[in-house]
Amino acid sequence: MTHCLKTEPVFFKDIVSGIKTFEVRKFDRDFKEGDPLLLQEYDPEKQAYTGNEWSGSITYLFTDPKYVKKDFCILGIKEQEIIKFV
């Protein structure tokens, strides 16, 4: 199952450049290590997707309540390919 997630431009840029290799997300899905991930750049000011997408996978799932806020998780992510970049 591929997880399709909105990502704001400031974070999307850092993921595409390779600087940011993690995501902090609400743990409201059945995330698992190895799952495919599709990040879609979303501009909250325009309330619209930009058309830019990033494809990768979840390499690590961190949910320890001692370090991570309740109902949140940290995902380690790795790029597979850029599907579309406008």
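Test residue 69 against the criterion of being modelled with pLDDT of 95 or more, open to solvent by 80 Å² or more (accessible area, probe 1.4 Å), closer than 17 Å to residue 4 by Cβ and over 10 Å from the mean Cα position of the chain (by Cα), and give yes or no. The answer is no for residue 69. From the list 63, 59, 50, the lone residue that is β-branched (Val, Ile, Thr), touching a Gly at 6+ places or on another chain (Cβ under 6 Å) and open to solvent by 30 Å² or more (accessible area, probe 1.4 Å) is 59. Pairing each residue of the stretch 39-64 that is touching a residue at least 60 places away in the same chain (Cβ under 8 Å) and among the hydrophobic types (A, V, I, L, M, F, W, C) with any residue that is open to solvent by 30 Å² or more (accessible area, probe 1.4 Å) and not in a loop (DSSP other than H, G, I, E, B), provided the two are 6+ apart or on different chains, yields no C-beta distance under 6 Å.
For residue 39, the conditions (1) under 10 Å from the mean Cα position of the chain (by Cα); (2) exposed (fewer than 15 other Cβ atoms within 10 Å of the Cβ) are fulfilled apart from (2).
Of the residues 58, 83, 77, the single one that is among the hydrophobic types (A, V, I, L, M, F, W, C) and at pLDDT below 95 is 83.
The values are calculated or read from the model by the stated rules, or taken from the named source; none is laboratory data. Small disclaimer: the values here were computed from a predicted structure and weren't measured. All Cβ positions, glycine included, derive from the backbone under ideal geometry; neighbour counts span all protein chains shown. What goes into the accessible areas is simple: the full protein's heavy atoms, side chains included, and nothing from ligands, DNA or RNA. Shrake-Rupley method; radii C 1.70, N 1.55, O 1.52, S 1.80 Å.
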